[in-house]
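Reviewing the structure listed below.
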Amino acid sequence: MVRYVIGACVASIALGAATAPLFAAPQDGARARIAAYRQLGEKFKAVNDMLRSGDVQLPLIRRYAGQIRNSAHNQYRLFPANSGPQPGVKTAALKEIWMRPNDFRTAQDKFARQAEIFQRVAMAGDPTAIRTEARKLGGTCKQCHDNFRAESD
């Protein structure tokens, strides 16, 4: 009986966490998005710094590659309706995300596919191949930023 009660509690919490962004205020959605992409950027920067410096720490790169891959698959939930540019909501996300959802989804899909490839290559451990795939991954980031993100000041 206890196992069923615990299971129901866990399921309820998981459902609440999964649906929370649907009921969040627009600024909460933007904040969650900013935090998620900031963490993703930190991991990707750390990988690139290691690759540039020649201090390739494979266990760390592998861990970051897995986190980048997970972020790439979680990004789809970061753009709920009404979380885009609005008065009082600071975000670099352009309105095109919500005006051209199919194009945006295509860009997200490219990033997610490349993150998968990057993780596989990182797990294989060849620094030259990791560098190559990191550049490709960065290219998918840039493509999305060029089309769907406001320039930073």
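Structural remarks
- Residue match in the range 97-104 (condition: at pLDDT below 95 and part of a loop (DSSP other than H, G, I, E, B)): yes
- Residue, nearest to the chain's Cα centre (by Cα), within the range 80-90, restricted to residues that are surrounded by fewer than 19 Cβ atoms within 10 Å (Cβ to Cβ) and either in contact (Cβ under 8 Å) with a residue 40 or more places away in the chain or on the phi > 0 side of the Ramachandran plot (or both): PRO80
- Selected residue (criterion: surrounded by the most Cβ atoms within 10 Å (Cβ to Cβ)) from residues of the range 34-74 that are within 30 Å of PRO85 (Cβ to Cβ) and touching an Asp or Glu at 6+ places or on another chain (Cβ under 9 Å): ALA72
- Selection count, the range 91-118, where residues are in contact (Cβ under 8 Å) with a residue 40 or more places away in the chain and farther than 30 Å from ASP28 by Cα: 1
- Residue match in the range 115-127 (condition: over 16 Å from ASP146 (Cβ atoms) and outside any helix (DSSP H, G or I)): yes
- Restricting the search to helices (runs of 4 or more DSSP H) fully inside the range 1-96 and requiring at least 1 residues that are among the acidic types (Asp, Glu), modelled with pLDDT of 95 or more and within 30 Å of ARG131 (Cα to Cα) gives 26-53.
- In the range 65-79, the residues that are under 22 Å from ASN48 (Cα atoms) reach residues that are acidic (Asp, Glu) and surrounded by fewer than 18 Cβ atoms within 10 Å (Cβ to Cβ) with C-beta atoms within less than 7 angstrom, at least six apart or across chains, in these pairs: ARG69/GLU116.
- Filtered residue count, the range 111-137, keeping only those that are crowded, with 17+ Cβ neighbours inside 10 Å and out of contact with any Leu (no Cβ under 9 Å at 6 or more places or on another chain): 5
- Beta carbons closer than 9 Å, at least 6 apart along the sequence or on distinct chains, pair a first residue in the range 125-153 that is farther than 19 Å from GLU42 by Cβ with a second that is of a type in the set (Ser, Thr, Tyr) for ALA150/THR91.
The values are calculated or read from the model by the stated rules, or taken from the named source; none is laboratory data. Because the structure is a prediction, the values reported are computed rather than measured. A quick note on method: Cβ atoms are made from the backbone with ideal geometry, for glycine too, and the neighbour counts reach across all protein chains shown.
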